[in-house]
Amino acid sequence: MSPVFPMLTVLSMFYYMCLRRRARTATRGEMNSRRAIESNTRALPINVEIVQYAKEVLDFSSHYGSENSMSYTMWNLAGIPNVYPSSGDFTQTAVFRTYGTWWDRCPSARLPFKRTPSTFCSQDYVELAFEEPVYPTAVHILETYHPGAVVRILACSANPYSQNPPAEVRWEILWSEAPTKVNGPQARQFTPCIKQINFPTNLIRLEVNSSLLDYYTELDAVVLHGVKERPVLSLKTSMIDMNDIDEEEDEEKFACGMDTLNKQFSIVTLREWPTNGYFDKLPYELIQLILSHLTVPDLCRLAQTCKLLYQHCCDPLQYIHLSLQPYWARINDTSLEYLQSRCTLIQWLNLSWTGNRGAISVSGFSRFLKVCGSELVRLELSCGHFLNETCLEVITEMCPNLQELNLSSCDKIPPQAFNHIAKVGSLKRLILYRTKVEQTALLSILNFCSELQHLSLGSCVMIEDYDLIASMMGAKCKKLRSLDLWRCKNITENGIAELASGCQLLEELDLGWCPTLQSSTGCFANLARKLPNLQKLFLTANRSVCDTDIEELAANCTHLRQLDILGTRMVSPASLRKLLESCKDLSLLDVSFCSQIDNRVVLELNANFPNVFIKKSFTQ
């Protein structure tokens, strides 16, 4: 063949891709501004750009701060900057609850769901409302400490201040990227290049992943730039990045896959083929194994190819473990309805972040569980704001084998609804972080759920007497391995004594920001003596922790891996050396704001104990 023909083929493919891109741009009116379109791009007509700070924080998944104050809370993201351009640890910023991989390396860590797409890495989110709906031209995020956590920025078509609910709620990704390591903790203004969208928005969502950070990220403010009139883009382009086409195809595949999830799960007629090729020769189990590596949208697309693969893609064995959290923006009642016939054997289900703003109704959720709940062992419902008392009642009635229930940040569930959880006596893990659970309901849960091994009550502000709760745990929950009492305001040495005496299998205990505990009562020394299996102990911001407590930990808790004593004034370098010499498995030691532990001491300890991450925070 003449060498000219391959060259013609290459040229024709190039022109084809150029024309296809131009057609897409013309029809959709969208362009990702970080892509390589370098010249002659103008927005017509020219609009006056509106610059606005967030007016209100609407929703978030977690925060370091208390529910009753402003320090380190997400609410600090509303309004003008409080700290920027200063760097350091400031209480006036917004801080999420976790950082690094430490929470994945402790006894309470949960197994990840398989089939999570590689493009989804978000761990937390915050949603911000702005005064004026605009077509976004830029988003500035003011990060003041350990930047680099933001991995995704989205815009919503719904106006949170409109009196009329929209018929359809759309979310568009303005920008996304895998987590990256940023050198240094200094403040910065993060301004990623965002994609243009075809609707105005005043609702922006930030999603973060803090796994690569050495400490908590701190955000000060978010600035939205935009115009009131939709920009019309010129089609004149001087250069096209070939990688750009692949990215657009990925986005279209995602949208296509989720449309399939909502509209084409049930396929009645499929094209007839005389054979199924080599698939006819493969064992059924082998095909199932191959398909188990596909994501949910990929299964939806593959189901449309032939009857054999449709049968495999619809097999309930493919849906034993199902996480819909990566697709939270597109999951609704219709999705759950189409999934029902495939999820009759489901054991793990993740609906975290889904269903908000009317996407999932109480009746739709209830119908799904009535069909698919009998085998459920694990149910993740974090930030499910559609949940109410009826939903919890359905869960307890339809899921008799349930062992793990996550209701983290489900702050719309009324207090009396939590009484229903007591009916699930098989529970081994219960996460009630930032919920409105009350004391009566919690006492009932502890009384009837004696198999509990992991319990999170962090930031549960409606519990009046934590000593009574701790006493009930000590009496009924003998198998407890991890307990989160983060920011519980009224537990005393009496409750700690009851807890330590009754729950001696505890391996993880978070007593961070519990101001009523005082070392002078001997409560921490008693913990160390009674709980030799402790691997993680957080005594964050307890100013009274002293050398005696550290020495008791060194003598009795030799399996300790993580210790947070941020803020204490009473711990000396000598006691820390004893701890590090005794606890060979120690990997995290937070001594931020410990007045006797200066940077010189930290450098010395790091040199002598290189396997331990010793954190010393600062404020400028």
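The values are calculated or read from the model by the stated rules, or taken from the named source; none is laboratory data. Since the model is a prediction, treat every value here as computed from it, not as a measurement. Don't worry about glycine lacking a Cβ; one is built from the backbone with ideal geometry, like all the others, and counts go over all protein chains shown. Side chains included, ligands, DNA and RNA excluded: accessible areas come from the protein's heavy atoms. Shrake-Rupley method; radii C 1.70, N 1.55, O 1.52, S 1.80 Å.
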Tell me, yes or no, whether segment 357-371 has at least one residue that is modelled with pLDDT of 95 or more, in contact with a strand residue (DSSP E or B) (Cβ under 7 Å, 6 or more places away or on another chain) and either assigned to a loop (DSSP other than H, G, I, E, B) or not small (Gly, Ala, Ser) (or both). no
Test: Leu603 is more than 19 Å from Thr98 (Cβ to Cβ) and either hydrophobic (A, V, I, L, M, F, W, C) or outside any loop (DSSP other than H, G, I, E, B) (or both): yes
Leu270 fails exactly one of (1) under 30 Å from Cys306 (Cα atoms); (2) in a loop (DSSP other than H, G, I, E, B); (3) at pLDDT 55 or above, namely (3)
If you scan segment 448-496, which residues turn out to be farther than 12 Å from Leu432 by Cβ, polar (S, T, N, Q) and open to solvent by less than 20 Å² (accessible area, probe 1.4 Å)? Ser482
Return yes or no: is Ser366 surrounded by fewer than 22 Cβ atoms within 10 Å (Cβ to Cβ), touching a Ser or Thr at 6+ places or on another chain (Cβ under 9 Å) and of a type outside the set (A, V, I, L, M, F, W, C)? yes
Within segment 493-513, does at least one residue satisfy the condition of being within 26 Å of Arg378 (Cα to Cα) and of a type in the set (Val, Ile, Thr)? no
How many residues are assigned to a loop (DSSP other than H, G, I, E, B) and open to solvent by 20 Å² or more (accessible area, probe 1.4 Å) if we restrict to segment 372-412? 11
Only one of these is in contact (Cβ under 8 Å) with a residue 12 or more places away in the chain and under 26 Å from the mean Cα position of the chain (by Cα): Leu527, Leu511. Name it. Leu511
Suppose we filter Ala607, Ala554 for residues that are aliphatic (A, V, I, L, M) and touching a residue at least 24 places away in the same chain (Cβ under 8 Å); which single one remains? Ala554
What is the number of the single condition among (1) hydrophobic (A, V, I, L, M, F, W, C); (2) open to solvent by 10 Å² or more (accessible area, probe 1.4 Å); (3) more than 16 Å from Leu324 (Cβ to Cβ) that Ala417 does not meet? (2)
Could you tell me whether segment 402-410 includes any residue that is modelled with pLDDT of 95 or more and under 25 Å from Asn159 (Cα atoms)? yes
Kindly evaluate Phe613 against the criterion of being open to solvent by 10 Å² or more (accessible area, probe 1.4 Å), over 26 Å from Gly458 (Cα atoms) and of a type in the set (Phe, Trp, Tyr). no
I'd like to check something: does segment 162-176 contain any residue that is farther than 30 Å from Leu509 by Cα, open to solvent by less than 10 Å² (accessible area, probe 1.4 Å) and outside any loop (DSSP other than H, G, I, E, B)? yes
Kindly check whether there is at least one residue in segment 189-208 that is among the hydroxyl-bearing types (Ser, Thr, Tyr) and open to solvent by less than 50 Å² (accessible area, probe 1.4 Å). yes
